[in-house]
């Protein structure tokens, strides 16, 4: 996450300057996490927005809370 936040990795976050973490899910198994991400990528944008706003209605950047 640090690398994305600081544009050290190419891709979506660097291209579109998206640096706030507003939603995340924790998984013990990487394969479950990847499967979930693939399913969510097929969702409509409004579904994703609704998911974020259920748990983070102010769209607060959650990264500082994760790193302590």
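The values are calculated or read from the model by the stated rules, or taken from the named source; none is laboratory data. Please read all numbers here as calculations on a predicted model, not as lab measurements. Virtual Cβ from ideal backbone geometry, glycine too; neighbours counted across all protein chains shown.
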message = Can you report the number of residues in region 27-37 which are farther than 23 Å from residue 8 by Cα and within 13 Å of the chain's Cα centre (by Cα)?
response = 1
task = Go through 43, 47, 59 for me and flag whichever is at positive phi, out of contact with any strand residue (DSSP E or B) (no Cβ under 6 Å at 6 or more places or on another chain) and modelled with pLDDT of 95 or more.
result = 59
task = Go through region 26-42 and give me each residue that's farther than 18 Å from residue 1 by Cα and in contact with a helix residue (DSSP H, G or I) (Cβ under 8 Å, 6 or more places away or on another chain).
result = 40
ask   = Do you know which residues across region 3-19 are outside any loop (DSSP other than H, G, I, E, B) and either at positive phi or loosely packed, with under 12 Cβ neighbours inside 10 Å (or both)?
value = 3, 12, 15, 16
request  = Provide a single number: the residues in region 20-44 that are assigned to a loop (DSSP other than H, G, I, E, B) and exposed (fewer than 10 other Cβ atoms within 10 Å of the Cβ).
outcome  = 5
query = Is region 46-60 home to any residue that is exposed (fewer than 13 other Cβ atoms within 10 Å of the Cβ), in contact (Cβ under 8 Å) with a residue 24 or more places away in the chain and assigned to a loop (DSSP other than H, G, I, E, B)?
reply = yes
